[in-house]
Amino acid sequence: NIYMHPKEKNKVTSFMKNHIIDNIVPTKWGTVSLLIAMNNLLKEAFKDHDNQMFMFLSESCLPIKNFNNLNENIINSNKSYFKSMKIDDTSWKRFDYLKNPDKLGITKKNFKKAETWSIINRNHVNTILKNLTDFMKCFDQTYSTEEHMYSTLIHLKHPDEIIDQSTTIVYWDESGPLYRHPKTFGPFISKKYKKIIQKLMQKNKNAFFMRKFQYHENNNVKPFIFNLIK
């Protein structure tokens, strides 16, 4: 099932407009608004008892494995996927903005940072929703909260049920030294970047998706990706 939280609801004209959730909030990069949007997506998706695994993706993500491969891997694992990220000096400053973390058992030793592009099993989503009020109070003033709260919470409550693995490939090279942003591929992918994408896929054999792809009618993105995931 698909659940969508668009930044601008009125601009969605594809079939995806039928999958927009009701509770939409204004979002801004680096703020707690992104986590609130993710919370709203989880709440809506959790209502359907058939949903067992919950995957966060952006509009620029494309699959790099066929559906059967994806399904077999994540269902058989019965765990959640969070790719740990190194906490540098800048990230450690975020810990200082937590409100009463000790009441929730959060210390600098178990404060986590992980990629936003995660896959969470139903039991862990249930844990997140049950603890949402207390953890949101703790994390709501922290920069890039979406990189920390879910990962920290699940590591605290289910430490042995996590797979530390990237589920979505992001290419950060050529982004400049000051403002690092993911490379956007397309709408026409050159031979140079086709080779880069293939190397990234070989290096990250366990990933299921990749971003960021730019798409419109006159492109070679679709046939290139379809050929990769046969």
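The values are calculated or read from the model by the stated rules, or taken from the named source; none is laboratory data. This structure is a prediction, so every number in the text was calculated from the model and none was measured. We place every Cβ from the backbone using ideal geometry, glycine too, and count neighbours over all the protein chains shown. Remember, those area values only see protein heavy atoms, side chains included, never the ligands or the DNA or RNA. Shrake-Rupley method; radii C 1.70, N 1.55, O 1.52, S 1.80 Å.
Couple of notes before you dig in:
- The single condition among (1) part of a loop (DSSP other than H, G, I, E, B); (2) farther than 21 Å from Phe213 by Cβ that Pro6 does not satisfy is (2).
- The number of residues in the stretch 184-214 that are over 24 Å from Glu115 (Cα atoms) and aromatic (Phe, Trp, Tyr) comes to 1.
- Only listed residue being more than 25 Å from Lys93 (Cβ to Cβ) and either touching a residue at least 24 places away in the same chain (Cβ under 8 Å) or not in a loop (DSSP other than H, G, I, E, B) (or both), chosen from Lys137, Lys194: Lys194
- Candidate set: the stretch 22-40, residues that are hydrophobic (A, V, I, L, M, F, W, C) and surrounded by fewer than 17 Cβ atoms within 10 Å (Cβ to Cβ); chosen: the one farthest from His181 (Cα to Cα): Ile24
- For Gln198, the stated conditions do not hold, so it cannot be described as loosely packed, with under 11 Cβ neighbours inside 10 Å, of a type in the set (S, T, N, Q) and closer than 25 Å to Tyr81 by Cα.
- Candidate set from the stretch 48-61 (those that are of a type in the set (A, V, I, L, M, F, W, C) and open to solvent by less than 50 Å² (accessible area, probe 1.4 Å)); member that is farthest from Thr127 (Cα to Cα): Cys61
- Within the stretch 75-111, being within 15 Å of the chain's Cα centre (by Cα) and either at pLDDT below 95 or in a loop (DSSP other than H, G, I, E, B) (or both) holds for Phe82, Lys83, Met85.
- Checked against (1) open to solvent by less than 50 Å² (accessible area, probe 1.4 Å); (2) among the β-branched types (Val, Ile, Thr); (3) under 29 Å from Pro187 (Cβ atoms), Thr13 meets all criteria but (1).
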